[in-house]
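One structure is given here, and the rest of the page talks about it.
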Amino acid sequence: AGAARKAAAAGAGSPDGRRSSGSGVGWSPGHASADSGSPGDFEVKGSSTKKISEMTTEMLEPIEGGVRSLDQELRGALQRCSSDDWMVQYEAINTLRRVCHHHARAALLPDAQRFLSFARQLCALVESLRSAIARNAVSCARELFVAGGRGVDPCLDLLVPALIKRAAGNDQFLAEEATKALSAMVAHAGEAKALGALLTAGASAKAAAQRAKCAVFVHRCVVHQEGRVLNSPHVDRLIQSLSSFLAEGAAETRAAAKSAVTALTLATRAEGPESERALQRAITKALTEADARRVRAIIDAALASAKGPEGALLHLEDDVGPRGAGARGAGGGPSCAAGGGLDGVPFERQSSLVTTSSIAAAAMGGGSGGGGGRAGPAGAGGRGSGVRARGSGGAGE
């Protein structure tokens, strides 16, 4: 009897007999839950059942009506983001996404005060306990990074920690969206500001999973910025953070830090001896003797792995073949294509591809008795610098 009364009470929670949660969200077969994080239609209980659908970036339309209409839409959306009704919030975020995707430089970035207010509100939405709201806000952040470029730099210290937290969370769909947003930030925001925001987030993160994500994206920054990272105002912090990550208990954190040191080593070698000396000076300045030995051991291993099969050191030079494909070696043999280059690889996968072994493999297959093959600038040597092997004859390296 008690079970029957409970079932009757549950059925009475919505006009059509479907069970409703306390937040007023109804569910029926064929529709995704609003908290599932997966694409689909969400049903919301009200005076009549309403549906909202998840929108991809391609579905976002510009706001018509000129500057005044755009300003009114933006102001109204920012106000509705504070609503207690989550459906109203969700639709307001869709409006913000339209503004970010089509009008960021015209409507948001010129007004610094408004932009910071917008960033604070977006950060709060990213941290929302309702995953549908959080995921829509994370999508908005990604679109803001892509459209705004360096103009979004003032908001990175606000958004990056929130996105790192989401990327390290247990909600898979939300974590994937946050990973895409952070990848867009690394690719489009100012290089120094992006690296600085990640280092700050890593230093303040208390959870090991969040520090691991910070290490992964610091590695991606190093890969993206190549030798330019040595000119960053954060180079000392970078080396200190990498040393700290190498001492972490989590294997993912240590692996990302080791990959970052390896990428930094090979990027500085591509820049020339002066950059290599600058890296050594930075290590000496930033680290204790014991920590410096640990980092230098990784550097030595990276350089050793970059040698040819007969011990000929691979020289990273700018004298390279066409982008993304190897040119023919001086002795007539075709070079390795280095995996087709990074230009066609999604940015979120590049960190797993740029390794010492792939750089060493890029120079294999050079001409017999010649100067060796060479790979394109977007091959495993990284953007802008290919890998060419110099051998002493014989089998060719």
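The values are calculated or read from the model by the stated rules, or taken from the named source; none is laboratory data. These numbers were taken from a predicted model, which means no experiment stands behind them. Heads up, the Cβs are rebuilt from the backbone with ideal geometry, glycines too, and the neighbour counts pull from every protein chain shown. Note: areas computed on protein heavy atoms with side chains; ligands, DNA, RNA excluded. Shrake-Rupley method; radii C 1.70, N 1.55, O 1.52, S 1.80 Å.
Residue by residue, here is whether (1) at pLDDT below 95; (2) over 22 Å from residue 114 (Cα atoms); (3) in contact with a Lys or Arg (Cβ under 7 Å, 6 or more places away or on another chain) holds:
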site	(1), (2), (3)
139	no, no, yes
161	no, no, no
164	no, yes, yes
167	no, yes, yes
178	no, yes, yes
181	no, no, yes
196	no, yes, no
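Tell me whether segment 132-141 contains one or more residues that are within 29 Å of residue 250 (Cβ to Cβ) and in contact with a Cys (Cβ under 9 Å, 6 or more places away or on another chain). Yes; the residues of segment 132-141 include at least one that is within 29 Å of residue 250 (Cβ to Cβ) and in contact with a Cys (Cβ under 9 Å, 6 or more places away or on another chain).
Considered as a group, the residues in segment 205-240 that are of a type in the set (S, T, N, Q) and in contact (Cβ under 8 Å) with a residue 24 or more places away in the chain include one that is nearest to residue 161 (Cα to Cα), and that residue is 210.
Does residue 133 count as out of contact with any strand residue (DSSP E or B) (no Cβ under 6 Å at 6 or more places or on another chain), outside any helix (DSSP H, G or I), β-branched (Val, Ile, Thr) and in contact (Cβ under 8 Å) with a residue 12 or more places away in the chain? For residue 133, the condition - out of contact with any strand residue (DSSP E or B) (no Cβ under 6 Å at 6 or more places or on another chain), outside any helix (DSSP H, G or I), β-branched (Val, Ile, Thr) and in contact (Cβ under 8 Å) with a residue 12 or more places away in the chain - is not met.
Within segment 265-277, the set of residues being out of contact with any Leu (no Cβ under 7 Å at 6 or more places or on another chain) and not acidic (Asp, Glu) comprises 267, 272, 273, 277. Restricting attention to segment 76-87, the residues being under 19 Å from residue 123 (Cβ atoms) and either part of a helix (DSSP H, G or I) or of a type in the set (Gly, Ala, Ser) (or both) number 7. Scanning segment 288-303 for residues that are crowded, with 17+ Cβ neighbours inside 10 Å and acidic (Asp, Glu) yields one hit, 291. Scanning segment 221-239 for residues that are open to solvent by less than 20 Å² (accessible area, probe 1.4 Å) and not aliphatic (A, V, I, L, M) gives 221, 225, 227, 232. Against the numbered list (1) out of contact with any Asp or Glu (no Cβ under 9 Å at 6 or more places or on another chain); (2) open to solvent by 50 Å² or more (accessible area, probe 1.4 Å); (3) in a helix (DSSP H, G or I), residue 285 comes up short only at (1).
For segment 248-266, the criterion of being part of a helix (DSSP H, G or I), modelled with pLDDT under 95 and touching a strand residue (DSSP E or B) at 6+ places or on another chain (Cβ under 8 Å) is satisfied by at least one residue. Considered as a group, the residues in segment 74-130 that are of a type in the set (Gly, Ala, Ser) and in contact with a Pro (Cβ under 8 Å, 6 or more places away or on another chain) include one that is least open to solvent (accessible area, probe 1.4 Å), and that residue is 119.
Kindly indicate the residue of segment 304-316 that is open to solvent by 40 Å² or more (accessible area, probe 1.4 Å) and in contact with a strand residue (DSSP E or B) (Cβ under 8 Å, 6 or more places away or on another chain) and also modelled with the lowest pLDDT among those meeting that condition. The extreme case among them is 315. Only a single item in (1) out of contact with any Ser or Thr (no Cβ under 7 Å at 6 or more places or on another chain); (2) outside any helix (DSSP H, G or I); (3) at pLDDT below 90; (4) open to solvent by less than 80 Å² (accessible area, probe 1.4 Å) is not met by residue 69, and it is number (2).
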